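First comes the structure, then the notes that go with it.
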Amino acid sequence: MDQAKTAAEMAVRMENAEQVLKANNYDKARLVPILQEVQARYGWLSQDLISYVARAVGLPPARVYGVATFYAHFTLKPKGKHVIKLCDGTACHVKGSTKLLTALRTRLGMAEGDDTSKDGMFTIDTVSCLGACGLAPVMVIDSEVHGQVKPDQVDAILDAVLENDKNEMK
């Protein structure tokens, strides 16, 4: 009885993945687009999702896991509602991106090594380059670019994001 319940629960959790797999004809040659769409629907690729996709396309889970860990745009951990991409390329680093990272971590109550705030609102991804060296130091929150950011501006920027969330809820 427990196995049947577990299978039924799994089917419900995997409904969006199943839709993606059907749309791609369960074609293992389309593994990357399948994983991209599954991640877009769930926000990340859990071990369950990777195993489910692997079985559905006829590949070993280790192979699917290998693809998911090879490409940087896949994530195996849940992300916050808002993703902050903080550039730490040469220009940004020289102009103070590490101070921005410290300010972000302090504001969000995140310890060294944490990448998502405890409330699940923000994830910080440090990236090698955002291609906006003229705006250094630069960070992108969701799709909004913030250039020449100073540590003392972090609170106002994050407050604006949170305020926007409140306004969208109304």
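The values are calculated or read from the model by the stated rules, or taken from the named source; none is laboratory data. None of these values were measured; they are calculated from a predicted model. All Cβ positions, even for glycine, are placed from backbone atoms using ideal geometry, and neighbour counts span all protein chains on display. When the accessible area is computed, the model is the full protein with side chains, heavy atoms only, and any ligands, DNA or RNA have been set aside. Shrake-Rupley method; radii C 1.70, N 1.55, O 1.52, S 1.80 Å.
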Review point. Does any residue of the stretch 95-115 turn out to be within 28 Å of P33 (Cβ to Cβ), in contact with a helix residue (DSSP H, G or I) (Cβ under 7 Å, 6 or more places away or on another chain) and open to solvent by less than 40 Å² (accessible area, probe 1.4 Å)?
Key: no
Check your understanding: Within the set of pairs 6 or more residues apart or between chains, which connect a residue that is at positive phi and touching a residue at least 12 places away in the same chain (Cβ under 8 Å) inside the stretch 143-170 to a residue that is surrounded by 13 or more Cβ atoms within 10 Å (Cβ to Cβ) and assigned to a helix (DSSP H, G or I) with Cβ atoms less than 8 Å apart?
Key -> Q148/L135
Check your understanding: Is there a residue in the stretch 62-77 that is surrounded by 14 or more Cβ atoms within 10 Å (Cβ to Cβ) and touching a strand residue (DSSP E or B) at 6+ places or on another chain (Cβ under 9 Å)?
Key -> yes
Study note, to complete from the structure: Of the residues in the stretch 38-67, those that are within 30 Å of P137 (Cβ to Cβ), outside any loop (DSSP other than H, G, I, E, B) and among the small types (G, A, S) come to A40
**Study point:** Residue identified as in contact with a Lys or Arg (Cβ under 9 Å, 6 or more places away or on another chain) and among the β-branched types (V, I, T) among V38, V20
**Key:** V20
Practice item. Would you mind stating whether V83 is in a helix (DSSP H, G or I) and either in contact (Cβ under 8 Å) with a residue 12 or more places away in the chain or β-branched (V, I, T) (or both)? Key: no
Revision key, fill the gap. A72 vs (1) in contact (Cβ under 8 Å) with a residue 40 or more places away in the chain; (2) not in a helix (DSSP H, G or I): all pass except (1)
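Would it be correct to say that D88 is among the acidic types (D, E) and without any contact (Cβ under 8 Å) to a residue 40 or more places away in the chain?
no
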Review point. List pairs: first in the stretch 13-30 and of a type in the set (S, T, N, Q), second open to solvent by 80 Å² or more (accessible area, probe 1.4 Å), Cβ under 9 Å, 6+ apart or cross-chain?
Key: N16/R41; Q19/R41; N24/R30
Practice item. Report whether or not T102 is at pLDDT below 95, part of a helix (DSSP H, G or I) and under 27 Å from A132 (Cα atoms). Key: no
Revision key, fill the gap. Out of (1) in contact (Cβ under 8 Å) with a residue 24 or more places away in the chain; (2) under 16 Å from the mean Cα position of the chain (by Cα); (3) surrounded by 16 or more Cβ atoms within 10 Å (Cβ to Cβ), the one V38 does not meet is (1)
Point to revise | Residues of the stretch 127-164 satisfying the condition of being part of a loop (DSSP other than H, G, I, E, B), open to solvent by 80 Å² or more (accessible area, probe 1.4 Å) and modelled with pLDDT of 95 or more | key: Q148, K150
